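Here is the structure we will look at, set down as structure tokens.
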Amino acid sequence: MGAPAIRTQGLTLAYRHGRGIEDVDLEVPTGEVFGFLGPNGAGKTTTIRVLLDLLRPTSGSASVLGLDSRNDSLQIRERTGYLPGDLSLPPSLTGTQVLDWLASLRPNTPPIRRDELVQRFAVQLDRPMKQLSKGNRQKIGLVQAFQHAPELVILDEPTSGLDPLVQDEFHRMVREHVRDGGTVFLSSHSLDEVQHTADRVGIIREGRLVMVETVDDLRGRGLRRVTLTVAPGAGDSVEPQLRALAGIDGVDRRGDVFEFAVVGDYAVVLAGLGKLPVIDMLSRAADLDEVFLAMYRGSAK
Amino acid sequence: MIVQHFPVFAQGLRDRRRSLLWWSLGVAVYIAVIAAMWPSIRGAAGLNDIMSQLPKSILDLMGASDFDISTGAGYVSGELFGFMIPIFILILTIGAGAAAVGGAEERGTLDLLLSHPISRRRVLLQSAALVAVEAAIFGTVVVATLAIATPLADLQIAFVHSVGAAFGIVMLGIAVGWTALAVGAATGSRSLALAVTGSVAAITYLLGSLSGLVDFLHNAKWISPFFYANDGSPLVHGYTWWHALVLAAFGVVALGVGAELFDRRNLSN
């Protein structure tokens, strides 16, 4: 059909507690894993809940799977799976009862993947929700979001409470979902978490979408972290030279050891460093949390 | 079948079946105890004389102006239908109505529910059906208990009158329960639904019972849902059936307003 899985235009919602969103233009093509990033309260959940017609935008519009989020919401929800950020499940129901109940709300799309997912995540089905840990409840939440094999899955902070092994399994499942032609939209406050899963990330901050980029571009944006050790006692004389050097940012000093980010041309920076009494240098890719922080500092200035 | 077509109703009934069972059992026992006392009350013939000597205003205030304990039906009507049975059913249906949408939103389960392909209106209507069914089950228990107790305690209550009286009570429960449902759906708050509906019920009850007493409140009884549930001792004289229409209209209007507000608003998570 060619319509993007999600498209918002000028999406705005004036909302209490400053959790609103302003003029969000977002496009997520089908077959992509899109990571929606921002600190708590930035408007991630608000945006997601507008897509599902739980909240109504003040202005602007959103379409999901080519359908209008207001007028065609039932069709959208038919074809979508959703994991709420703050998942509450009826405390007295067992896993089986919860999954049956939610499946009964989708008479047209039977839970064909349930058994496979239950096995995969080793979900405890026979205990009431109140006896399960947060992680185990979250697994039930994941199963219900995927059990009917929806085209689009919207996950709000999906890995919160999951132990690392389960997180790995989750990431595999997400990749499989897009491999099979599905789309995944997931929110997170940690870049580290989505960089292994997402194709692209959008960063939202105080209700505004400040950036959308592929994960590769974001990593490749000259963002290297360098740890530089200079000759003993040379720290004082090196510091002003280092700070004057073009292409580096965020210089941090501990004695004769410096840490900084390379944000410009690496060759130019190396040439500049060549004049210094370097005895060791360690360079590594900045992880996205550092990129994230750098972006934040950048847009806060 | 029910689960497939009315999932919210079916789940609601499953959630509430335990409290419904205990509530039914409680009201049956209560009715049985009251009925069991009738043979000895009837023996104490002086009681009715005392009652008849009390000023009408005092009786009005006690909600007992048509309390006639010279017959079994009058006794049961005054003891049960004047106050306790309406209170029983209101606690049941206000609780059910307030929990259904407002409660789900407070517990945080409404978000997940409404992310499925079911409209807000359907959720509300199925919840309304749940409240109505709970009220009907309660009414059936009342009728059944009276039917068993009538010959045993020689109450001499006509079956059709007990059906009529219970019907009035059921309609009261539905009208007020739907109001609680509507307030909960319109505001997203179970506690607000309980508070608003509970106070409206209490105030209209008070106005109704004062209406015979205070001149300027003379017409107040017409706004009291209790009046339409059991005015004129339905257990003794039969239910005024058109009163049920007033209660039905009240409930439907409340539900309609609630549906409209629910449909328009942002849900909290």
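Summary table
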{"read-out": "Chains B and A together, accessible area buried on both sides, 1.4 angstrom probe, square angstrom", "value": "2400"}
{"read-out": "Extension gain from B:S268 to B:L125, taking 0.36 nm per residue of separation minus the Cα-Cα distance", "value": "49.5 nm"}
{"read-out": "Alpha-carbon centroid distance for the pair the range B:141-173 / the range B:250-267, whole angstrom", "value": "34"}
{"read-out": "GNM result for chain A, Cα springs below 10 Å: residue of A:G250, A:G202, A:G81 fluctuating most strongly", "value": "A:G250"}
{"read-out": "Interface residues, the range A:10-58 - accessible area loss of 40 Å² or more versus chain alone, probe 1.4 Å", "value": "A:R49, A:L54, A:R56"}
{"read-out": "Over chain A, relative contact order from alpha-carbon pairs under 8 Å, at least 6 apart, %", "value": "19"}
{"read-out": "Average accessible area per residue (Å²) across the range A:224-285 - probe 1.4 Å, nucleic acids and ligands excluded", "value": "54"}
{"read-out": "Accessible surface of chain B, 1.4 Å probe, proportion on carbon and sulfur as whole %", "value": "70"}
{"read-out": "GNM top mover of B:A185, B:A73, B:A153 - chain B, alpha-carbon springs below 10 Å", "value": "B:A153"}
{"read-out": "Within the accessible area of chain A (1.4 Å probe), percent carbon and sulfur", "value": "50"}
{"read-out": "³J(HN,Hα), Karplus 6.51/-1.76/1.60, whole Hz, each residue of the range B:253-269, x for Gly, Pro", "value": "5, 4, 5, x, 4, x, 4, 4, 5, 4, 5, 8, 9, 7, 8, 8, 10"}
{"read-out": "Qualifying trypsin sites (Lys or Arg not before Pro) for the range A:69-154 [loop in DSSP, other Cβ within 10 Å: at most 15]", "value": "A:R70"}
{"read-out": "The range A:1-82: relative contact order in percent, alpha carbon pairs under 8 Å with at least 6 residues between", "value": "33"}
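The values are calculated or read from the model by the stated rules, or taken from the named source; none is laboratory data. Quick caveat, the model's predicted, so the values are computed rather than measured. Here Cβ is always computed from backbone atoms with ideal geometry, including for glycine, and neighbour counts include all displayed protein chains. Side chains included, ligands, DNA and RNA excluded: accessible areas come from the protein's heavy atoms. Shrake-Rupley method; radii C 1.70, N 1.55, O 1.52, S 1.80 Å.
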